[in-house]
Amino acid sequence: MHRLVHGGAVSKNRTMRLTSLIFAIIFIFSLFGMSEGAEFSMRPSIMIGEEYNDNIHLQKDKIDDYITRVQPSIELEYREPRWELDLSYLLDFSYYAKGTRTDDLTHAIDAKGHMEILREFFFLNIKDSYRRVSLDIARDFTKESQFERQSDRNIFDLNPYFVLKPGSLITVTTGYIFSDIWYKEETAVNRREYIAYSDLVYELSSRVTLNAGYKYTQDDAEEMDYSKNDVSFGSRYNYAGESFVFITVGNSWLDFDKVKSSSQIFWNAGITHIFPAVTVSLESALEYIQDPDGSLVRRDNYVMSVRKVGDKISLGTYISFREFRNAVNKMLDTRSYGIGGDCRYEFTSRLAGTVNFTYERFEEELFDAKTRSYRPVLKIEYILSEGLTLAFIDQYTDSYSLEIEENNYKNNRVMVQVKKDF
């Protein structure tokens with residue numbers, strides 16, 4: 001985990017700069033190469049906020065501070081018959097009045113470019129995502145703090161692919177993905193992935209589709225390399241209006257560097273039914289995800305959600321159960337249980353309020369430790385004028401663990417924000 005070298009960090013920083021340059025070139029060429037039917041839009045905005053945080057570092061012994069936060073952002077869209085570009089950028093600057101933390105500057109970037117190189121046959125996708133993420137895959141600390149137990153992360157994807165239509169009802173997509181994953185935090189592990197894939201979709205009827213796929217992944221990390229072969233089959237059935245059921249089942253063959261190979265079934269299944277008053281969804285998945293510490297993790301995920309949307313009120317609730325296992329030895333690491341809900345009510349055309357509540361319980365098997373956390377959030381928004389919104393947010397977090405001292409804390413954040421959309 002701590003085997004990072006400066007050369008690797010320099011290489012990743014070069015990749016990030018190269019990524020930014022690629023998208024700058026795409027954008028410039030798109031502007032100069034606008035065809036007669038091209039569409040271009042730009043939506044800038046800025047948010048200025050003040051926050052009182054009574055526990056900056058999420059510790060048992062509290063240290064408070066006043067935070068001034070400035071977030072200018074911009075969204076760009078470019079469309080022409082064979083070019084598409086979507087770019088959103090947000091600069092996030094925080095000033096800590098009491099000096100409990102050095103002034104914090106980070107970015108959030110989502111860039112997507114799509115090009116049709118050979119009409120209806122050869123395509124190219126380029127994606128780049130830069131944002132701050134939680135270093136704990138079982139618990140999302142970005143919802144509790146601006147920086148604690150987090151790292152800036154950049155993911156760059158380059159994806160050329162071919163689309164074949166051997167029949168009017170059959171579509172075959174074959175391609176290659178190069179993915180570069182970089183973390184700013186030195187305890188996290190940078191990776192590169194090389195993926196070859198082929199997917200087949202068969203439209204059995206207007207309501208039923210069948211699919212099959214193969215994917216080969218070669219992962220090169222600074223801690224442990226592995227390769228993975230995935231074969232899957234599935235179907236989707238729209239059985240009533242917009243209600244649908246889907247299932248994909250497959251098998252993964254994993255070959256780890258210096259560790260014996262293993263085989264594991266995976267699946268992704270669910271149903272969404274739209275009743276006259278509510279929408280109910282049930283989902284279950286067994287999938288493999290990367291832990292920032294460099295290990296491959298098997299996640300078993302089960303979620304049920306219910307949502308009701310009315311003219312003035314929107315209600316939602318969910319329950320979840322997740323298990324996280326080491327993909328090499330399949331030993332259970334963490335179980336998590338969650339329940340939550342939200343309610344948004346529009347009092348007038350200008351005034352709206354949202355209440356959100358989340359309760360989570362984490363059981364870390366390796367340390368025989370348990371942590372429970374609950375977080376209520378109140379948000380009130382008022383439209384001062386067209387494009388100008390005032391918001392008040394009060395967020396409280398209560399985390400308790402008898403065995404893990406660092407998970408034992410309380411935190412209250414009170415924020416006032418003004419946002420202007422131009």
Residue hits (region 130-146; over 17 Å from Ile289 (Cα atoms) and surrounded by fewer than 17 Cβ atoms within 10 Å (Cβ to Cβ)) are Thr142, Lys143
Among the residues that make up region 323-334, is at least one of them at pLDDT below 95, open to solvent by less than 60 Å² (accessible area, probe 1.4 Å) and polar (S, T, N, Q)? yes
Residue by residue through region 56-80, note down the ones that are open to solvent by less than 40 Å² (accessible area, probe 1.4 Å) and either among the small types (Gly, Ala, Ser) or under 27 Å from Ala38 (Cα atoms) (or both). Ser73, Leu76, Tyr78, Glu80
Using the structure shown, decide if Ser284 is surrounded by 15 or more Cβ atoms within 10 Å (Cβ to Cβ), within 26 Å of Leu332 (Cβ to Cβ) and polar (S, T, N, Q). yes
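So is Asp152 closer than 30 Å to Thr106 by Cα, out of contact with any Leu (no Cβ under 6 Å at 6 or more places or on another chain) and open to solvent by 20 Å² or more (accessible area, probe 1.4 Å) or not? Can you show your working first?
Numbers: closer than 30 Å to Thr106 by Cα: yes; out of contact with any Leu (no Cβ under 6 Å at 6 or more places or on another chain): yes; open to solvent by 20 Å² or more (accessible area, probe 1.4 Å): no.
Judged against the criteria, Asp152 is not a match.
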Return the pairs, sorted by first residue and then second, in which the second residue is small (Gly, Ala, Ser) and part of a strand (DSSP E or B), the first residue lies in region 92-120 and is without any contact (Cβ under 8 Å) to a residue 40 or more places away in the chain and over 30 Å from Arg79 (Cα atoms), the beta carbons are less than 9 Å apart, and the residues are 6+ apart or on different chains. Asp103/Ser94; Leu105/Ser94
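Restricting attention to region 60-83, report how many residues are within 14 Å of Met42 (Cα to Cα) and out of contact with any helix residue (DSSP H, G or I) (no Cβ under 8 Å at 6 or more places or on another chain). Steps first, answer last, please.
Step one: of region 60-83, the residues within 14 Å of Met42 (Cα to Cα) are 72-79.
Subsequent filtering for residues that are out of contact with any helix residue (DSSP H, G or I) (no Cβ under 8 Å at 6 or more places or on another chain) retains 72-75, 77, 79.
Of the residues in that region, 6 qualify.
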Looking at Tyr216, Tyr226, Tyr237, can you tell me which residue is in contact with a strand residue (DSSP E or B) (Cβ under 9 Å, 6 or more places away or on another chain) and open to solvent by less than 70 Å² (accessible area, probe 1.4 Å)? Tyr226
Within region 244-266, does at least one residue satisfy the condition of being farther than 29 Å from Thr317 by Cβ, charged (D, E, K, R) and open to solvent by less than 40 Å² (accessible area, probe 1.4 Å)? no
Considering only residues that are among the charged types (D, E, K, R) and within 15 Å of Arg298 (Cα to Cα), which ones fall in region 225-268? Lys228, Asp230, Asp255
Glu185 - would you say it is open to solvent by 30 Å² or more (accessible area, probe 1.4 Å), touching a residue at least 40 places away in the same chain (Cβ under 8 Å) and closer than 30 Å to Asn53 by Cα? yes
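Residues are listed down the side, and each one gets a yes or a no for (1) surrounded by fewer than 17 Cβ atoms within 10 Å (Cβ to Cβ); (2) farther than 20 Å from Phe147 by Cα:
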residue: Leu351; (1), (2): yes, yes
residue: Arg361; (1), (2): yes, yes
residue: Val377; (1), (2): no, no
residue: Gly387; (1), (2): yes, yes
residue: Ala391; (1), (2): no, yes
residue: Ser399; (1), (2): no, no
residue: Asn411; (1), (2): no, no
So, of the residues in region 156-170 that are touching an Asp or Glu at 6+ places or on another chain (Cβ under 8 Å) and surrounded by 14 or more Cβ atoms within 10 Å (Cβ to Cβ), which turns out to be farthest from Ala212 (Cα to Cα)? Phe156
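Pick out, from region 310-422, the strands (runs of 3 or more DSSP E) lying fully within it that include 3 or more residues that are touching a strand residue (DSSP E or B) at 6+ places or on another chain (Cβ under 7 Å) and under 30 Å from Tyr226 (Cβ atoms). Break it down into steps so the answer makes sense when it comes.
On the way: elements: 313-326, 332-346, 351-364, 369-385, 388-400, 409-421.
By residue number, 313-326, 332-346, 351-364.
So which residues in region 113-139 are in contact with a helix residue (DSSP H, G or I) (Cβ under 7 Å, 6 or more places away or on another chain) and closer than 25 Å to Gly175 by Cβ? Walk me through it before giving the result.
Step one: filter region 113-139 for residues in contact with a helix residue (DSSP H, G or I) (Cβ under 7 Å, 6 or more places away or on another chain), giving 113, 126, 128, 132-134.
Selection gives Gly113, Ile126, Asp128.
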Identify the residue in region 81-101 that is touching a Lys or Arg at 6+ places or on another chain (Cβ under 9 Å) and either of a type in the set (Asp, Glu) or open to solvent by 60 Å² or more (accessible area, probe 1.4 Å) (or both) and, among all such residues, is farthest from Met415 (Cα to Cα). Arg82
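The values are calculated or read from the model by the stated rules, or taken from the named source; none is laboratory data. Please read all numbers here as calculations on a predicted model, not as lab measurements. Glycine also receives a Cβ, built like all others from the backbone with ideal geometry; neighbour counts cover every protein chain displayed. For accessibility, only protein heavy atoms count, side chains too; no ligands or nucleic acids. Shrake-Rupley method; radii C 1.70, N 1.55, O 1.52, S 1.80 Å.
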